[in-house]
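So the structure is just underneath, and the comments pick up after that.
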4 protein chains.
Amino acid sequence: MKRAGIINVTGYAGAELARLLWRHPEVRLSSVTGRTAAGKPLGEVFPHLAPLDLTVGEELESVDVAFSALPHAASAAALAPLIEAGLPVLDLSADFRLHDVDEYESWYGCKHPAPHLLPDAVYGLPELHRQQVASTRLVAVPGCYPSGAILALAPAVKAGLIEPEIIVDSKSGVSGAGRTLGLTYHYAEANESVSAYGLDGHRHLPEMLQELSLLCEAPAPRVTFVPHLIPMTRGILSTCYAPLAGGRLSTGNRARSEVRDIYRDFYRNEPFVRVVDSPPQTKHTWGSNCCLLYPTVDTRTQRLVVVSCLDNLVKGAAGQAVQDMNLMLGFDETAGLEDLAIYP
Amino acid sequence: MKRAGIINVTGYAGAELARLLWRHPEVRLSSVTGRTAAGKPLGEVFPHLAPLDLTVGEELESVDVAFSALPHAASAAALAPLIEAGLPVLDLSADFRLHDVDEYESWYGCKHPAPHLLPDAVYGLPELHRQQVASTRLVAVPGCYPSGAILALAPAVKAGLIEPEIIVDSKSGVSGAGRTLGLTYHYAEANESVSAYGLDGHRHLPEMLQELSLLCEAPAPRVTFVPHLIPMTRGILSTCYAPLAGGRLSTGNRARSEVRDIYRDFYRNEPFVRVVDSPPQTKHTWGSNCCLLYPTVDTRTQRLVVVSCLDNLVKGAAGQAVQDMNLMLGFDETAGLEDLAIYP
Amino acid sequence: MKRAGIINVTGYAGAELARLLWRHPEVRLSSVTGRTAAGKPLGEVFPHLAPLDLTVGEELESVDVAFSALPHAASAAALAPLIEAGLPVLDLSADFRLHDVDEYESWYGCKHPAPHLLPDAVYGLPELHRQQVASTRLVAVPGCYPSGAILALAPAVKAGLIEPEIIVDSKSGVSGAGRTLGLTYHYAEANESVSAYGLDGHRHLPEMLQELSLLCEAPAPRVTFVPHLIPMTRGILSTCYAPLAGGRLSTGNRARSEVRDIYRDFYRNEPFVRVVDSPPQTKHTWGSNCCLLYPTVDTRTQRLVVVSCLDNLVKGAAGQAVQDMNLMLGFDETAGLEDLAIYP
Amino acid sequence: MKRAGIINVTGYAGAELARLLWRHPEVRLSSVTGRTAAGKPLGEVFPHLAPLDLTVGEELESVDVAFSALPHAASAAALAPLIEAGLPVLDLSADFRLHDVDEYESWYGCKHPAPHLLPDAVYGLPELHRQQVASTRLVAVPGCYPSGAILALAPAVKAGLIEPEIIVDSKSGVSGAGRTLGLTYHYAEANESVSAYGLDGHRHLPEMLQELSLLCEAPAPRVTFVPHLIPMTRGILSTCYAPLAGGRLSTGNRARSEVRDIYRDFYRNEPFVRVVDSPPQTKHTWGSNCCLLYPTVDTRTQRLVVVSCLDNLVKGAAGQAVQDMNLMLGFDETAGLEDLAIYP
């Protein structure tokens, strides 16, 4: 058994990692850290993790692989020495997601703490970068919104099915905002309500642009991304819209099955992406590492519409990290991720 | 006091009408009908309406104004004799919303029961058709989705701000589906989940097309409309996207306040539309007849983005109907609709 | 029109008061205060209150009646000079609810700031103290839990129907915890969960004991009160249990209608208490000042069971305060409180 | 690998069984039946179960162990021939829970279809009947409410800590009502509301009486049980109240730790019962087979108060059934049930 460590286990992504690793056949979670919680039993911070019988430490103990669930900037700073020491590292923050340091600094409003490591970083979406993930020591685990949006759009962009005029309208459960308190996430304010946010530009947009650009010939896609907060705990559904490029699909209803076939083909060997025949709901992914895709065509306007569903804390964060780790360490890619969604 | 009647009070729109009329200073609800509930006290069907002390009847008694909350087709059939007798009538079904009978029959899959009355019908969105509503005997109360989407787009379409390539992505609470049982609306299935539906074409689309077309020079707008079901009871938030037509707005962030000014100007005398300075949430409209609009610009892609929020059972149905009735009968337009939203 | 003021309008009870006063025919809200929000438009703190067009002040302006929604201790301190100046005052905090200052100080862990005013204070449950409310200048608005529990038990205690061994098991929506942030009320933690709290003694217990003791001959009732937090915004349902005293009711199922008759008789002239024939749900009271009671008998064990439902922010706080104000100022008791519940 | 079958997989308990068996190391789900769904792929009825790649059949195929999730009466009828053929059988319906056939027939209002099998049936609460479960062919899986309530009360009843005057006040998520449609479970009606039901006697009461009676000397406990429906999908929290019998515990706050020690001792070797030091929430058990207990004392009134939490579909149904199966077939009792709760 390899020993894994989680830096900053006290947020939802950290806790979810701990939950998933508990069932991992090849890895044992041996060290967890937290700042204000240091010294407390993990089961006091998260009662459902009591069976792990760990104490939150201040510093990571010796491990074979490390996950960081620290906020951006703090994460790269904490991970740099580990990466330099050759430890396989998975960063759930944004620090190593963007290849372009200027882009990072303009979106995140801070100096990058370790720009020299950026060339080693791999964007950890296995469906697009499986080989690179398997051969790196530094994986940047994608953001929750980009995970679903990129998977929804990649086959269409790659196949040149669409014009690069893309709308991504996402609906997220509140756990995506983390465990830090805020009036927006106060139960009485968030319940029985929906709102749009990030309308002046959300930090997950540049990830989408970077990854979709890699898939297409010029011109680069122009993406409007609007996330919404909806009253549920887990789950992201993204609805993606783009005009069809002429001549690739039939014009009538047949286009709908043609586009599904293209998607099925693109993801045919993927263990965690499923192209479905009817519109999915996020609940079908609750607690699982699965991403469901429903591509279709608005035949009146000749637009592609793709709906994607995932659990923001699993395929959108901790599960994706475990999937990446499995690739990095040479385990079965699905190890520890076999659970079905919990329904209802 | 005028006497009002509600045909088919037993759904949510009917019950909401009864609630609103209870506080109306000029109108007294004197007759309500229902099919399976006929003979029961209204307070047995809806305990919160017990103070109205009405019995559900089979036939409408003599009234001065009638609302129908029947399903489409049944509604026009039931209303035709009343309309022909000269009674002021407000139809909450879709029967009189579309001016083009072929369009109606193709979307609703049935013969129109009273096509000869279509020329008399006014689409009851007072913000666009106030004078016509005030001078007709037959108002077609708009659908819940079109109400928010048309109000969100009308100023931009009218001013020629946008190219006619429109996406309307709507998120609705479950009460919009009515009181009829269905697995999709079963609590355990709908809770903690979000899904898209109507992807092959939703019946509220032709209303949007009809009304937006009236506002613009050719070419007619091409709209993709995708509604979503989210786990809350009341409220619709619609996020509308369209490319800016060149040259009407500044190119930088100033465009955002310019577009807000255009919207403010368009709605400057409207009692129930408020253009707001930060993204609204549906909860700010809960139980009220208010529609909140937040227009902005994605300056990276030069797209207009407009968010609209309303309560689907008030401004999206029963409240709009009361507003229309006020105009038809010459009352103060806000009579019976003064309540603020209930928050939280 | 009388001028009303709200001290500390920035919590949920304060905002709800503002909403209710907006529709009051005899009172105009003319001054609102807040601490951190001072200087801001009220519509910025609470967008749904924008139509009131008020600015949050630091100090209360001259008014004819004042409500305080300050926390305990701060409230009595702020109100004392107003009370001494003869202004009619309604305190939504706990400061004037308990007649016994020692009891207050032991439960609230602080010195009472104005014990000399306690003899003037009336516990503002109109159903029990209507005349006293009408003739005082200082009303202590009851807590949300005691409102429902006392109304549920008063007829039984008064009539000697039960032994004084009482269990009150209450289920409350999260708005009862106020607008102050806390992990317990963070959406992702509170949603899809239920928990008991206050198991070592909740501050609303002594109010229940005080009021129920006033209704019965010795011995004083012994009450176990356990509140629960459930995933909804508004509403409290209390289930109250006590052994029947022998000989007052029939022994079979007839006891159920007998006890309902006793309750109906007790509340026969009350505008805001309704004894219902089938188990109510809190949703039937949403947004209204109504308290629904369903008394019944467990004939197997000869125990009285009473279910009460109310909206914690209306009959459990702001609505009750308005009802009290109406009595104090000689208005119709129901003025401003005529709205039906909003359903669904 | 043993082959398992589920009769009537189309409800929530059946689906949850399928989910759990998917991860079971010793058992493979090989046959599932349903009535209206016969012939459909299981993944069409429940998309999250698509990976099982099963088709719903009309008749159970040959298996090594069978679960029935049929309604009562239908279940015993369907199982009788299997039981008689010697197949290990677990019945999730109520048919074999009550030892007394008259009691069964009076509560369920029907003839028992196989009373001759009752003597073979074991009430499948492993914490009370582990040896019997391990040596029977017919297990009656307990109801969701009794599971939590009996575990909450057993140590106190067994130790003679309490007088037999018991109140069980339970709060359940809506999935407990199953997948059959009903207005009470319609999203818009159940959301943002709480209600009591079963006030004239709920069918889960006789199970509680039967099991608690077995644990105590005369007199038999007198239990009032009131279930409540709260707006969440999964989880039951039961709050149990009873007067302390004199002289067993200290009189002050020390009683609280004493009672916790008694409970800890009672459950010291139990893999799925955890006695916790602070009030638990149902969310801590979401998706897991764990039951959390928090026993305490109301020292003012000398009453025992015990809070229990579990997931109604796991420890309250399908998980309990798998735990029983593990005992029956000689597997590790925790096989397939190792997952931690999913939080948040």
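Placing +1 on each Lys and Arg Cβ and -1 on each Asp and Glu Cβ, with no other charges, gives chain D a dipole about its Cα centre of roughly 740 debye. Couplings for the range B:41-51, taken from phi via the Karplus curve 6.51 cos²θ - 1.76 cosθ + 1.60 with θ = phi - 60°, read x, 4, x, 7, 6, 9, x, 6, 9, 3, x Hz in order; Gly and Pro are left as x. If a spin label sat at a point 7 angstrom from the Cα of residue B:53 along the line to its beta carbon, the backbone N atoms of the range C:241-281 nearer than 17 Å would be those of C:268-275. In terms of its C-alpha gyration tensor, the range D:113-194 has an oblate overall shape, because the principal axis ratio a/c (a ≥ b ≥ c, square roots of the eigenvalues) is not below 1.5 and a/b does not outweigh b/c. Pull up the DSSP beta bridges for the protein assembly as shown and report the antiparallel fraction as a percent, rounded to 5. DSSP beta bridges in the protein assembly as shown are roughly 45 percent antiparallel. Here the range D:215-272 is assigned +1 on the Cβ of each Lys and Arg and -1 on the Cβ of each Asp and Glu. Its dipole about the Cα centre then comes out at about 160 debye. Between the amide H of residue D:27 and those of D:2, distances stay under 5 Å, these residues lying 5 or more places away or on another chain, with hydrogens modeled in the peptide plane. Cross-link pairs exceeding 23 Å in C-alpha to C-alpha distance, out of B:315/C:2; B:111/B:315; B:283/C:283; A:171/B:283, comprise B:315/C:2; B:111/B:315.
Entry comment: accessible area of the range B:151-309 is 31 Å² per residue, from protein heavy atoms only and a probe of 1.4 Å. Comparing C:131, C:210, C:323 in a Gaussian network model of chain C, where Cα atoms under 10 Å apart are tied by springs, the biggest mean-square fluctuation is seen for C:131.
A label point on residue D:183, set 7 Å along the Cα-to-Cβ line, lies at 2.4, 4.0, 4.3 nm from each of its counterparts in the other copies, closest listed first.
Which net charge results when you count Lys and Arg as +1 and Asp and Glu as -1 among the other residues whose beta-carbon is under 14 Å from that of residue C:272? That sum, taken over residues with Cβ under 14 Å, equals -4. Local charge for residue A:101 was computed over the other residues whose Cβ lies under 14 Å away, with Lys and Arg +1 and Asp and Glu -1, and equals -4.
The dipole here belongs to the range A:187-298: it is taken about the Cα centre, uses +1 on the Cβ of Lys and Arg and -1 on the Cβ of Asp and Glu, and is about 280 debye. Each residue, residue A:85 and residue C:269, gets one label point 7 Å from its Cα in the Cβ direction; the gap between the two is 8.1 nm.
Counting only DSSP beta bridges with both residues in chain D, the antiparallel share comes to about 45 percent. Less than 16 Å from a label point 7 Å out along the Cα-to-Cβ axis of residue C:220: which backbone N atoms in the range C:100-128 qualify, by residue? Correct set: C:100-108. In sequence order, the range A:234-240 has phi-based couplings of 10, x, 10, 10, 10, 10, 10 Hz under the Karplus curve 6.51 cos²θ - 1.76 cosθ + 1.60, θ = phi - 60°, and Gly or Pro positions carry x.
If R0 equals 45 Å, the separation of the Cβ atoms of residue B:77 and residue B:277 corresponds to a calculated FRET efficiency of about 0.45. Summing both sides, the accessible surface hidden between B and A at a 1.4 Å probe radius is close to 4100 Å².
Between C:208, C:221, C:184, the Cα set farthest toward the positive side of the dipole of the range C:168-221 (charges on each charged residue's Cβ, about the Cα centre) is that of C:184. Inter-copy label distances for residue C:116: 7.4, 8.5, 8.9 nm (label point placed 7 Å from Cα along Cα→Cβ; shortest first). Computed over protein heavy atoms with a 1.4 angstrom probe, the accessible surface ordering of B:204, B:72, B:48, C:116, largest first, is C:116, B:72, B:204, B:48. In chain B, the calculated helix contribution to ellipticity at 222 nm averages -8000 deg cm²/dmol per residue, counting -39,500 (n - 2.57) for every DSSP H run with n ≥ 4. Plainly put, the tip 7 Å out from Cα toward Cβ on residue C:158 is 4.8, 5.8, 7.5 nm from that tip on each other copy, the closest given first. Between residue A:55 and A:42, the built amide H atoms are under 5 Å apart, and every one of these is 5 or more places off in sequence or on another chain. The separation of the range C:99-175 from the range D:35-86, counted between C-alpha centres, amounts to 56 Å. Ordering A:123, A:110, A:266 by the projection of their Cα atoms onto the charge dipole of chain A, which places +1 on the Cβ of Lys and Arg and -1 on the Cβ of Asp and Glu, puts A:266 at the extreme positive end. Taking a ≥ b ≥ c as the square roots of the eigenvalues of the Cα gyration tensor, an a/c ratio of 1.5 or more together with a/b no larger than b/c marks the range C:61-206 as oblate. For residue B:195, nonlocal amide neighbours, meaning residues 5 or more places apart or on other chains whose placed amide H falls under 5 Å from its own, are B:229.
Counting, for every residue in B:272-283, the Cβ atoms of other protein chains within 10 Å of its Cβ and taking the mean gives 5. Of all stretches in chain A that contain no GluC sites (Glu not before Pro) in a DSSP loop with at most 10 other Cβ atoms within 10 Å, the longest one is A:60-216.
Once the other residues with Cβ under 13 Å from the Cβ of residue C:194 are scored (Lys, Arg +1; Asp, Glu -1), what is the net sum? In short, -1.
The values are calculated or read from the model by the stated rules, or taken from the named source; none is laboratory data. Note that this is a predicted model, so its numbers are computed, not measured. A quick note on method: Cβ atoms are made from the backbone with ideal geometry, for glycine too, and the neighbour counts reach across all protein chains shown. Heavy atoms of the whole protein, side chains included, go into the accessibility calculation; ligands, DNA and RNA do not. Shrake-Rupley method; radii C 1.70, N 1.55, O 1.52, S 1.80 Å.
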